[in-house]
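The values are calculated or read from the model by the stated rules, or taken from the named source; none is laboratory data. Predicted, not measured: the structure shown is a model, and the values here were computed from it. Glycine also receives a Cβ, built like all others from the backbone with ideal geometry; neighbour counts cover every protein chain displayed. When the accessible area is computed, the model is the full protein with side chains, heavy atoms only, and any ligands, DNA or RNA have been set aside. Shrake-Rupley method; radii C 1.70, N 1.55, O 1.52, S 1.80 Å.
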Amino acid sequence: MLLLIQGCSFNSGNITTAPKTTPSANLDYNKIYDNLITQYKDWKGVKYKYGGYSKKGIDCSAFVQRTFKEKLNLNLPRTTALQLEVGEEINTNSLITGDLIFFSTGFKTNHVGIYLKDGKFMHVSTKKGVIISRINNPYYSKHIKEIRRVLY
């Protein structure tokens, strides 16, 4: 269904990680959600492009990196492989707004999206571009590799 990617570069900004898997009382998750939705509206439908980083085309890890930098003021690495090393692994039952959801769809094939709420996440589909999907979609639920919390 989807040909998913690993990005091709790395931004070594200030990566914040903490050994903490519970939601932070210091974060306003409603504001985080609003910021994520604003980003989605700005990027909705932008086409997928392997290695892309602009509205002419973007890949999943670049979209995650740009979204966190532009809307949440957090620098993340550029590739899904490196994004998998940030934050703390959590289980599906603990999902909160802003968590990263990683998918494995084949040998060395990774995909990443950002959890919104109510079972929805935003990501870049190879066929539809920047979209919101449901995590309980049989395709996505079958291919979840890992979930990581990077906001504390």
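Residues whose amide H lies under 5 Å from that of Gly129, counting only those 5 or more places away or on a different chain, are Tyr48; hydrogens are built 1.01 Å from N in the peptide plane.
Take the Cα of Asp118, step 7 Å toward its Cβ, do the same at Thr92, and the gap between the two points is 2.1 nm.
Mean 1/r over all different Cα pairs, inverted: what Kirkwood radius does segment 44-99 give, in Å?
Computed over segment 44-99, the radius equals 12.3 Å.
Once the whole set of protein chains is in place, how much accessible area is left on Asp28, using a 1.4 Å probe, in Å² to the nearest 10? Estimated to the nearest 10 Å², Asp28 gives 90 Å². Computed with a 1.4 Å probe on the full set of protein chains, the accessible area for Tyr152 sits at about 50 Å².
The value of relative contact order for the chain, using C-alpha pairs under 8 Å at least six residues apart, is 32 percent. The Cβ shell under 11 Å around Ser104 holds other residues with a net charge of +2, Lys and Arg each +1, Asp and Glu each -1. For the chain, a simple Cβ point-charge model (Lys and Arg +1, Asp and Glu -1, everything else neutral) yields a dipole of about 600 debye relative to the Cα centre.
Phi angles of segment 42-47 translate, via the Karplus equation with coefficients 6.51, -1.76, 1.60 and θ = phi - 60°, into HN-Hα couplings of 5, 10, 3, x, 4, 5 Hz per residue; Gly and Pro are given as x. Each of (i) 2, 10, 21, 26, 23, 13, 4, 1; (ii) 2, 9, 19, 23, 23, 17, 6, 1, 0; (iii) 2, 8, 14, 15, 13, 10, 10, 8, 7, 5, 4, 3, 1, 0 is a candidate for P(r) over Cα pairs in 5 Å bins from 0, in percent; the one calculated from this structure is (i). Only helical runs count toward this figure. For the chain, summing -39,500 (n - 2.57) over DSSP H runs of n ≥ 4 and dividing by all residues gives -7000 deg cm²/dmol at 222 nm. Per-residue SASA remark: Arg134, around 110 Å² accessible (1.4 Å probe; ligands, DNA and RNA not included).
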